[in-house]
Every structure is written in C-alpha cells, then in structure tokens.
Amino acid sequence: MIVEPSPAKTHQMIRDARRRGLTIGCVPTMGALHEGHVSLIRQAKSECDFVVATIFVNPTQFGPNEDFSKYPRTLEADLEMCREAGASLVFTPQTTDMYSPDTETIVRVTKLSTVLEGAHRPGHFDGVTTVVSKLFLITDPDKAYFGQKDFQQQLIIRRMVTDLNFPVQIVTCPIIRESDGLAMSSRNRYLSPDERRTAAQLYQALMLGEKLAKETTLSPPEISARMQAHLESAGGIQVQYVVLADTSSLETLTARTAPQAVGLIAARVGTTRLIDNLVISL
C-alpha cells in the first residue's frame, strides 16, 4: 500500500494504473476510521482493481462552532486499517495541498443542501461538495463509495455527479451498527459510557417508526411525532429533527404517497451531535 500526500503524484499514480487497464475505486474519508469505513474499502476492493482511500479532515465543511480543531486525527491507526482492508493507495493531503490562500471557487448543490442537515449546519454541504469534486478530479475513479449513515450527503453527491457530468458511479453502502444498533461514527468516541447507552435510543426510535409504518395506518407526520416522543421520553437527548422524508427529494412526507420513506434523526446526546436514518416501507 502506498501513502502519498501530493495531489499531483497521486493523480499520476492513478493515471499509470489506468494505463495498465485497472478500474479505480475511491473511498473518501476524514480519518478516525472505524468498521463502517473499512466496509467501504472492502466493497471497493471487491469491485475495483485499484482502491484509493483518502484521509483529509476538510476544514470547509465545519461551521464556526463545530469540532474541526478537536476532530480525532489517528493517521497511523487509520493507515493500518486501510492496509488490512486492501487499499492500494492512501491519499493524505495537507490543507495547503487542497486549498490555496486565495481560493474563490465552491461547488454548491442548491436545493438539497438547504434542508435538514443543511438548515442546521449552514455551508456544511458546500464544503463537502467542493472537496469531493476536488478529490474526484485528483483520483479519477470509476466508482466512489459512501455510507448510508450520511444519507443526505450521498444524495447531494449523486446530484452533483449528475449535474456536473462526473464519470463516476456512486455506490451507497449499508450502515454498520454496533450490537445495540448505534450507527458507527467517528463522533461516537466523544460519548461518555452513560451517553453511549442513551445514544442507542436513536436506532430504537427508527425501529419504532418502521413498526408503526408496517402495523398501523398512521400518517408520516404522526409516525415521526411518535418517534420524537420516544426519544424525548428517554431523557438526555436533545432532538433537532425527526422526519419521514422522500428518499430522493428529502421533502417531508405528509401522507403515504410514496412506496418508501427515509426516517431521519438528528439529536444531541450530551455535547455530541449524532445522526441516523432508516429506509422504511410505506
């Protein structure tokens, strides 16, 4: 496995791999890797000849009151996980490699980026789409792999790829969960033991939504209200939103007009902000 911080050298190595007829898979990450990330690399390895993982804590997707400075940076452990999962190359740029001091260009997906996470984290998705577009230009992948846990993010990236004619297939991989259902996340390490137990209620609320959709005739807003009540009754959870939304547009559903909905939750447990989701049959 090669570790390379230079965008130019990374691009050249991938061009060389292409000349050898290899297919390229890309797994963009911000490091602090866990089994969720590993599952992406493994899937990329099973489908592509040459897998490049990227590790870059992207400053432009953090808001002024968010955790950029304390975001965990565990490069040596991350590289070992990449190696064990079968990555061919790990691209590890510095901020100065990705953004010049006089950078003026951003990539923005207008509508999808303004709701839900976009409303709670203004500018976040501009940072995501800008850096992912740069990573795609550097790594030139045939396929790129993202986790379903960031449901809105993968939708936005799909929209960006379609609108800008990136020749990249976006592959969304299943959420990897702990034994109690908590979605794996780099931010889980911020939770105290008590908060960690409380955080499992997010998945329990999603399972409740699935059960209500299957066993009752409640409308999507009624189901999401029951889900929110479940979270609030657990104690220690500050709910930001609980919605059942259209799986393509993320518009909040008011009736059972679609075959499926995505249940989306964002909440704080202690000082840690967590998100989770589940696709629910209606």
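The values are calculated or read from the model by the stated rules, or taken from the named source; none is laboratory data. Bear in mind that the values here come from a model prediction, so they are computed numbers and not experimental data. Please note: Cβ atoms are built from the backbone with ideal geometry, for glycine as well, and neighbour counts cover all protein chains shown.
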> Restricting attention to region 248-268, and to residues there that are of a type in the set (Val, Ile, Thr) and surrounded by fewer than 18 Cβ atoms within 10 Å (Cβ to Cβ), which single residue is nearest to residue 278 (Cα to Cα)?
Replying inline: 252
> Picking from 53, 77, which residue would you name as being more than 18 Å from the chain's Cα centre (by Cα) and among the small types (Gly, Ala, Ser)?
Replying inline: 77
> Residues that are among the small types (Gly, Ala, Ser) and either farther than 25 Å from residue 154 by Cβ or free of Cβ contacts under 8 Å to residues at least 40 places away in the same chain (or both): which strands (runs of 3 or more DSSP E) entirely in region 1-105 hold 1 or more of them?
Replying inline: 50-55
>> Among the residues of region 57-65, are any more than 26 Å from residue 123 (Cβ to Cβ), surrounded by 15 or more Cβ atoms within 10 Å (Cβ to Cβ) and not β-branched (Val, Ile, Thr)?
In response: no
>> Pairs needed: first member in region 133-158, in the same structural domain as residue 54 (by TED's automatic domain parsing) and closer than 13 Å to residue 27 by Cβ; second member anywhere, assigned to a helix (DSSP H, G or I) and aromatic (Phe, Trp, Tyr); C-beta distance under 8 Å; at least 6 residues apart or different chains.
In response: 144/136
> Taking the condition aliphatic (A, V, I, L, M) and surrounded by fewer than 17 Cβ atoms within 10 Å (Cβ to Cβ), does residue 22 pass?
Replying inline: yes
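Return yes or no: is residue 205 of a type in the set (Gly, Ala, Ser), outside any loop (DSSP other than H, G, I, E, B) and outside the structural domain of residue 39 (by TED's automatic domain parsing)?
Against the criterion (of a type in the set (Gly, Ala, Ser), outside any loop (DSSP other than H, G, I, E, B) and outside the structural domain of residue 39 (by TED's automatic domain parsing)), residue 205 qualifies.
Within region 248-282, take every residue that is of a type in the set (D, E, K, R) and over 16 Å from the mean Cα position of the chain (by Cα) and give me the one that is nearest to residue 116 (Cα to Cα). Write out each step before concluding.
Within region 248-282, the first condition is being of a type in the set (D, E, K, R), and the residues that meet it are 251, 256, 268, 273, 276.
Still in the list and also over 16 Å from the mean Cα position of the chain (by Cα): 251, 256, 268.
Details: 251: 10, 256: 20, 268: 15 Å.
Here the answer is 251.
Do you know which of the residues in region 162-199 that are hydrophobic (A, V, I, L, M, F, W, C) and over 22 Å from residue 71 (Cα atoms) is surrounded by the fewest Cβ atoms within 10 Å (Cβ to Cβ)? First the steps, then the outcome.
Keep residues of region 162-199 that are hydrophobic (A, V, I, L, M, F, W, C), which gives 164, 166, 168, 170-171, 173, 175-176, 182-184, 191, 199.
Filter once more, so that each one left must be over 22 Å from residue 71 (Cα atoms): 164, 166, 168, 170-171, 173.
Working: 164: 13, 166: 18, 168: 21, 170: 19, 171: 17, 173: 19.
That would be 164.
Yes/no matrix, rows are residues, columns are (1) in a helix (DSSP H, G or I); (2) out of contact with any strand residue (DSSP E or B) (no Cβ under 6 Å at 6 or more places or on another chain); (3) not assigned by TED's automatic domain parsing to the domain that holds residue 23:
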site: 181; (1), (2), (3): no, yes, yes
site: 211; (1), (2), (3): yes, yes, yes
site: 224; (1), (2), (3): yes, no, yes
site: 244; (1), (2), (3): no, no, yes
site: 250; (1), (2), (3): no, yes, yes
site: 254; (1), (2), (3): no, yes, yes
site: 262; (1), (2), (3): no, no, yes
site: 266; (1), (2), (3): no, no, yes
site: 277; (1), (2), (3): no, no, yes
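Could you list, in sequence order, the residues of region 183-196 that are part of a helix (DSSP H, G or I) and either basic (Lys, Arg) or over 13 Å from residue 237 (Cβ atoms) (or both)?
186, 187, 188, 189, 190, 193, 196
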